[in-house]
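Step one of this worksheet: look at the structure below.
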């Protein structure tokens, strides 16, 4: 019978590596908590119009990458390709802005995009994101960037470069669109079919095209910084002042526009080069019109997203060790049926006391049991046989150092020996 495998672009997280995810998620939650963000959870699938309106129907995400289908009720549904639109939908639907501003939330959730699988980029990937609503001040932009900066520092990730830009606002962007349209119109014959369509509807999307030819053409395109209105200039300068004040280093990068239509003013990316080509491991910005676009009152918004797979890949590439807490505190090996019965109760009682305890359940030889204890990384071990049962004594062995300590054959005795090993 043919073996069934996981769909292309998806990946199992196996038991021996899940601790790395637990560690990362705990770090991310702690950074969010200390920054005043609380968790929000939302559905894996949404009405497709949420992403067409929110993300933008001229983006690659909507045009090429979404998984969408008609459900049994005739509704057009899409698996969530990104988190921000879902958060905004939830904020509007549940009236969270009526409960007081600012609204500060974070999420850890899977997203789905049909794209070519590669290192750190899967068709099902997991994202940590934060979203903040209510403030139009550039100081909030710097604070959100500061959360991302703190996240990366506390994960131990090095050699990160923060790139910032402003993609303007509805007041100055029309003039920039006109300049882009004129520039690309003169080169229309060389553009890819998708960008030829974008030329009329949203020429900024051409700047984000993955086609090598379009990328080369875009290198000579007008820069949005030449078209900023006075308010956008003031916002950008204030952002830089706040970053300088907080000691956050940055590179001004006029080519960053991000790949989603909802961004206004500040956009930013944190970039590393240790996982192949230059790679964005965190990106975000401001989206002041998105709440209104999705049916809510005019409300400022900003945030960022960071892929968990890319963070783990970067940590691995930089040799950052992640401690594994998922190893047993003690392995109880046995010889004989009476010892096996005693061990079953002892292991249960040790677990009740908060210890991670394991025992043999496969009737293996003592040598095989100890080999297994070493394989699973048990911190300590004991062997129970007829002599131990008769004398009510047992030897607790530190599996790392080989040190041994005699203890009473009881929960209290074994627990005391384990505590002594920790000292």
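Coordinate-derived values only; no laboratory data. Owing to the predicted nature of the structure, the values given are computational and were not obtained by experimental measurement. A quick note on method: Cβ atoms are made from the backbone with ideal geometry, for glycine too, and the neighbour counts reach across all protein chains shown.
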Revision key, fill the gap. Check: C-alpha center region 1-58 vs C-alpha center region 316-360, spacing in Å is 31
Study note, to complete from the structure: For region 155-248 (alpha-carbon point model, no solvent) the Debye-based log₁₀ I(q)/I(0) at q = 0.13, 0.22, 0.23, 0.25 Å⁻¹ works out to -0.57, -1.04, -1.08, -1.19
Check your understanding: Using a ≥ b ≥ c from the Cα gyration tensor of region 290-385 (square roots of the eigenvalues), is it rounded, prolate or oblate, where a/c under 1.5 gives rounded and otherwise the larger of a/b and b/c decides, a/b for prolate?
Key -> prolate
Exercise for review: Once you've got the GNM for the chain with C-alpha springs shorter than 10 Å, pick whichever of 311, 122, 346 has the biggest mean-square fluctuation.
Suggested key: 346
Practice item. For the chain, find the longest principal axis of its Cα atoms and tell me its angle to the long axis of helix 18-34, 0 to 90°, nearest 10. Key: 60
Review point. Efficiency by 1/(1 + (r/R0)^6): what FRET value for residue 364 and residue 44, r their Cβ-Cβ distance, R0 = 60 Å, to the nearest 0.05?
Key: 0.90
**Study point:** Volume of the Cα convex hull of region 4-141, divided per residue and given in Å³
**Key:** 157
Exercise for review: For the chain, with a Gaussian network of springs between Cα atoms less than 10 Å apart, report the residue from 268, 342, 51 with the top mean-square fluctuation.
Suggested key: 342
Review point. For residue 11 and residue 98 in one chain, what is 0.36 nm times their gap in residues minus the Cα-Cα distance, to one decimal in nm?
Key: 27.3 nm
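Any chance you could run the full-extension gain for residue 25 through residue 226? It's 0.36 nm times the residue separation minus the Cα-Cα distance, nm to one decimal. Write down the numbers at each step before the final one.
Details: separation 201, 0.36 × 201 = 72.36 nm, distance 4.07 nm.
Length gained, residue 25 through residue 226: 68.3 nm.
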Point to revise | Within region 25-61, backbone nitrogen closer than 12 Å to the virtual label 7 Å beyond the Cα of residue 211 toward Cβ | key: none
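How long is the gain from residue 374 to residue 159 if the chain were fully straight, where each residue apart is worth 0.36 nm and the alpha carbon distance is subtracted?
73.7 nm
How much mean residue ellipticity at 222 nm does the chain get from its helices, if each DSSP H run of length 4 or more adds -39500 (n - 2.57) and you divide by all residues, to the nearest 500 deg cm²/dmol?
-10500 deg cm²/dmol
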Revision key, fill the gap. Descending packing, highest mean Cβ count within 10 Å first, for 103-109, 197-203 is 103-109, 197-203
Exercise for review: Give the calculated FRET efficiency between residue 292 and residue 237 to the nearest 0.05, with a Förster radius of 30 Å applied to their Cβ-Cβ distance.
Suggested key: 0.70
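Highest mean first, how do 71-84, 6-19 rank when packing is the count of other Cβ atoms within 10 Å averaged over residues?
Output ranking for 71-84, 6-19: 71-84, 6-19.
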Review point. Given region 279-423, what percent of its DSSP beta bridges are antiparallel, to the nearest 5?
Key: 60
Exercise for review: Classify region 330-422 as rounded, prolate or oblate from the Cα gyration tensor: take a ≥ b ≥ c as the square roots of its eigenvalues, call it rounded if a/c is under 1.5, otherwise prolate when a/b beats b/c and oblate if not.
Suggested key: rounded
Check your understanding: Once the Cα atoms of helix 230-245 and of the chain are each reduced to a long axis, what angle between those two axes, in degrees from 0 to 90 to the nearest 10, is obtained?
Key -> 30
Study note, to complete from the structure: In this structure, the FRET efficiency calculated for residue 403 and residue 316 from their beta-carbon separation, with R0 = 30 Å, to the nearest 0.05, is 0.40
**Study point:** Helix axis angle, 337-352 relative to the chain longest principal axis, alpha carbon, degrees
**Key:** 40
